[in-house]
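Before any comments, here is the structure.
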Amino acid sequence: MTLISTIAADRPLLHVDNLTKSYGGRVGCADVGFDLWPGEVLGIVGESGSGKSTLLSCLAGHMAPDQGTVVFETASGPRDVLSLSEPERRRLARTDWAYVHQNPRDGLRMGVSAGGNVGERLMAVGARHYGQIREKASDWLGRVEIDTGRIDDRPSAFSGGMQQRLQIARNLVTGPRLVFMDEPTGGLDVSVQARLLDLLRGLVRQMGLSVIIVTHDLAVVRLLADRLMVMKSGRVVEQGLTDQVLDDPQHAYTQLLVSSVLQV
Amino acid sequence: MTDQAYNFAYLDEQTKRMIRRALLKAVAIPGYQVPFASREMPMPYGWGTGGVQVTAACLTPDDVLKVIDQGADDTTNAVSIRKFFQRTAGVEVTQSTALASVIQTRHRIPETALSAGQILVYQVPIPEPLRFLEPRETETRKMHELEEYGLMHVKLYEDIARHGQIATSYAYPVKVEGRYVMDPSPIPKFDNPKLSGSAALQLFGAGREQRIYALPPFTDVVSLDFDDHPFTPTKANHDCDLCGASASYLDEVIIDDQGSRMFVCSDTDFCETRREMGHVGRLGTPSNKGAQA
Ligand SMILES: Nc1ncnc2c1ncn2[C@@H]1O[C@H](COP(=O)(O)OP(=O)(O)OP(=O)(O)O)[C@@H](O)[C@H]1O
Ligand SMILES: [Mg+2]
Ligand SMILES: [Zn+2]
């Protein structure tokens, strides 16, 4: 027992190898490999069309890659994510995993109140006490700085920034072990972005979240990511500790990115 | 008189066989929605063409048919469907729940307990209980397959958040034998307990949506709820003004220009049978038949 748990602690939360996905003849992502360790935040940056969303979709099981391996360390040991049955994968998606979409409309139920949106994941895993569900939803609205008096309002009555914070609350309420985020600050005003980033950083630290975050924005990764992966034309051109990559980029493309010559 | 221009019970034998196959599958998997190729019937969809097709596939010449709409045998809808089967199948008809072998219903379960050998056929407008929050058919089918029913409770959560209690009073969702979540058709939730453990065979037909589902006799049916907001089968807090029944589902009726109201059993056969037995409510008069008997 002791031996097994020691080994488990020594394994990455997510191990990715040779992940490749093309759309007909066009490369989506190619030969991507990395390890994500528990409590780590991995940033994925690259210009538009470099394959960030494709990679994230393949990792989260929204899309089937053409080849490659994705191994997730579940509570009961490592599992090859790509060979999971659909029921198993969907169960994982509503328990251990969370996915924050760029557009909050894709990640929220717009016809359901804020409290119902946050409570859905709790009910999906069997919560059957209304008072407790509501209390937890209310607590989470507070944690993402939404006035708890808005608990019965629908997200359509919320600003873009509030909707995104609600989507985050809805995802984090069950304490997921791995969070995927695709451009969570995209499409928001600069000041709203800053507040959201601040909030995310606080939550990541408090909860010790393991996160894979895709973004155009180097400021986002500088603030949030422990490690960084730079993609170009579907391939990883450079990866390492965030500060190292940003302060001393090795690949010519990363150097362009960092010097902001490229409009990303 | 049977109208010889039609096959027995209107539908051709091949169609009835197709419907019976769907019914058998539905009985084998209680609460599961079985697709079937719904046929055009000589009446509009809102008139319960799904129920009519199921009834047509079940009827035999020996059957005794009762048709009710909101508990009453004498509404236009109930009368037309009853006439339709009298004409196309020549079966005997009745208003008595106890005497009927097949009962087609819209929006009610009879008050009189059903017995073994009886078939209750429900007319269903919307068979999919998850439709309210998830309009995609592919997704709702997947949710049934994988027993992902959290969304059903989101609906009840929204009810309580908005109204302080579970305000859903018709088509109240149920779980069948611990497996499939099912829409019991728009019966009042007062009727939900009668779905469970019934000695009769219960069949559900949705014509426009082309779905059939079933509860075989003695199926366990549980109404969904929260631990702290348990399911309660409510009715108007009155006795029937005609027959004095205290535990039957009541309709509220305005009886004069001053807006005076009375409460009467929605199940007309139940009410009349009670009056014939001598029961009298607040505004009732002893039944003639009762007096003669
Ligand atoms: N559904 C699709 N069908 C065909 N090609 C696609 C599809 N989705 C993406 N691609 C292509 O795959 C490549 C990678 O796209 P992807 O969306 O992963 O990039 P991205 O890095 O997320 O871009 P952005 O920053 O604009 O979101 C691009 O060449 C894109 O045109
Ligand atoms: Mg993208
Ligand atoms: Zn009565």
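The values are calculated or read from the model by the stated rules, or taken from the named source; none is laboratory data. Here the structure is a predicted model, which is why all the values come from computation and not from measurement. Here the Cβ is made from the backbone with ideal geometry for all residues, glycine too, and neighbour counts use every protein chain on show. Heavy atoms of the whole protein, side chains included, go into the accessibility calculation; ligands, DNA and RNA do not. Shrake-Rupley method; radii C 1.70, N 1.55, O 1.52, S 1.80 Å.
Quick rundown of the values:
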| quantity | calculated |
| --- | --- |
| Verdict on A:SER76 being within 14 Å of another protein chain (Cβ to nearest Cβ) and over 22 Å from A:LYS232 (Cα atoms) | no |
| Conditions (1) within 24 Å of A:ASN18 (Cβ to Cβ); (2) buried (at least 17 other Cβ atoms within 10 Å of the Cβ); (3) of a type outside the set (Val, Ile, Thr): number failed by A:GLN193 | (1) |
| Given (1) within 16 Å of ligand 2 (Cβ to nearest atom); (2) touching a residue at least 60 places away in the same chain (Cβ under 8 Å); (3) open to solvent by 40 Å² or more (accessible area, probe 1.4 Å), index of the condition A:LYS52 fails | (3) |
| Output for the stretch B:224-255, where each listed residue is among the charged types (D, E, K, R) and under 15 Å from B:ARG275 (Cα atoms) | B:ASP239, B:ASP241 |
| Residue in the stretch A:115-171 that is least open to solvent (accessible area, probe 1.4 Å), counting only those that are in a helix (DSSP H, G or I) and hydroxyl-bearing (Ser, Thr, Tyr) | A:TYR130 |
| So A:GLY186, is it in contact (Cβ under 8 Å) with a residue 60 or more places away in the chain and within 16 Å of ligand 1 (Cβ to nearest atom) | yes |
| Scope the stretch B:224-253; condition away from every other protein chain (no Cβ under 14 Å), open to solvent by 30 Å² or more (accessible area, probe 1.4 Å) and either over 16 Å from B:LYS194 (Cβ atoms) or part of a strand (DSSP E or B) (or both); matching residues | B:ALA236, B:ASN237, B:HIS238, B:ASP239, B:LEU242, B:SER246, B:ASP251, B:GLU252, B:VAL253 |
| Per-region count, the stretch B:57-90, residues aliphatic (A, V, I, L, M) and either within 30 Å of B:GLU145 (Cβ to Cβ) or touching a residue at least 60 places away in the same chain (Cβ under 8 Å) (or both) | 4 |
| Residue satisfying condition, being touching a helix residue (DSSP H, G or I) at 6+ places or on another chain (Cβ under 7 Å), open to solvent by 40 Å² or more (accessible area, probe 1.4 Å) and among the β-branched types (Val, Ile, Thr), within set B:THR97, B:THR112, B:THR138 | B:THR112 |
| Lone unmet requirement of (1) assigned to a loop (DSSP other than H, G, I, E, B); (2) within 14 Å of B:ILE119 (Cβ to Cβ) for B:THR55 | (1) |
| Residue that is of a type in the set (Asp, Glu) and over 20 Å from B:GLN53 (Cα atoms), where the choices are B:GLU177, B:GLU209 | B:GLU177 |
| Subset of the stretch A:207-259 [free of Cβ contacts under 8 Å to residues at least 24 places away in the same chain, within 23 Å of A:GLN193 (Cα to Cα) and within 16 Å of ligand 1 (Cβ to nearest atom)] | A:ALA219 |
| Search result, residues across the stretch A:59-76 that are within 13 Å of ligand 1 (Cβ to nearest atom), farther than 18 Å from A:GLY39 by Cα and open to solvent by less than 50 Å² (accessible area, probe 1.4 Å) | A:PRO65 |
| Output for the stretch A:36-58, where each listed residue is within 14 Å of A:MET231 (Cβ to Cβ), more than 6 Å from ligand 1 (Cβ to nearest atom) and assigned to a loop (DSSP other than H, G, I, E, B) | A:GLU47 |
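Residue by residue, here is whether (1) within 21 Å of the chain's Cα centre (by Cα); (2) closer than 22 Å to B:GLU145 by Cβ; (3) more than 9 Å from chain B (Cβ to nearest Cβ) holds:
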site: A:ASP96; (1), (2), (3): yes, yes, yes
site: A:PRO104; (1), (2), (3): yes, no, yes
site: A:GLY111; (1), (2), (3): no, no, no
site: A:LEU122; (1), (2), (3): yes, no, no
site: A:GLU135; (1), (2), (3): no, no, yes
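Every residue, every condition in (1) more than 16 Å from ligand 2 (Cβ to nearest atom); (2) touching a Ser or Thr at 6+ places or on another chain (Cβ under 8 Å); (3) modelled with pLDDT under 95, yes or no:
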position: A:LYS136; (1), (2), (3): yes, no, no
position: A:ARG165; (1), (2), (3): yes, no, no
position: A:VAL179; (1), (2), (3): yes, yes, no
position: A:LEU199; (1), (2), (3): yes, no, yes
position: A:VAL211; (1), (2), (3): yes, no, no
